Amino acid sequence: MSEPSVMLCTVYRCSKEREMYIYVNRLEGLERIPEELLRHTGTLSEILTLKLHPERRLARAKAAEVLHAIEQKGYYLQLPPDKQPIHFTMGE
């Protein structure tokens, strides 16, 4: 499956961790986010919807990587700068 060149993306703020955000495809919403990850995020607050394309400039991530993660996993998790990556899979 080829990745979209433009995606309408929604960004959610996570209540349990300062500066933690989840990016998802606006059309899918939160349906592909693993339950285990949702338990770690706390309450999610929608903060932004944007047209995301590979050339778009983002503050802490490369747009192409965000698009790829959303296409492959259903979400992109942006952690605070001082945190290590967290890996979640469906069914965990």
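What the table below lists for this structure:
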| quantity | calculated |
| --- | --- |
| Set of aspartates and glutamates near Lys16 by C-alpha distance (under 17 Å), chain-local residues within fewer than 8 positions excluded | Glu35, Glu36, Glu46, Asp82 |
| Cα gyration tensor category, rounded, prolate or oblate, for region 7-78 with a/c compared to 1.5 | prolate |
| Cβ crowding within 10 Å averaged over residues, with 34-43, 15-24, 70-79 ranked highest first | 70-79, 15-24, 34-43 |
| Total charge dipole magnitude, region 7-78, about the Cα centre, Cβ charges on Lys, Arg, Asp, Glu only, Debye to nearest 20 | 260 debye |
| Karplus (6.51, -1.76, 1.60) ³J(HN,Hα), θ = phi - 60°, over region 54-68, in Hz, Gly and Pro reported as x | x, 8, 5, 8, 10, 5, 10, 8, 8, 4, 4, 5, 5, 4, 4 |
| Approximate spin-label separation Ala61-Leu48, in nm, with each point projected 7 Å along Cα-to-Cβ | 1.1 nm |
| Distance in nm between pseudo-label sites at Arg39 and Glu19 (7 Å out along the Cβ direction from Cα) | 2.7 nm |
| Estimated FRET transfer efficiency when R0 is 22 angstrom, pair Val6-Asp82 (beta carbons, to 0.05) | 0.10 |
| Neighbourhood charge, 12 Å Cβ-Cβ cut-off, centred on Gly74 and excluding it, Lys, Arg +1 and Asp, Glu -1 | -1 |
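Taken together, the values in this text are just the output of simple stated rules run on the coordinates, not laboratory data. Given the structure is predicted, the values throughout are model-derived calculations rather than measurements. So basically every Cβ, Gly included, is an ideal-geometry build from the backbone, and we count neighbours across all protein chains shown.
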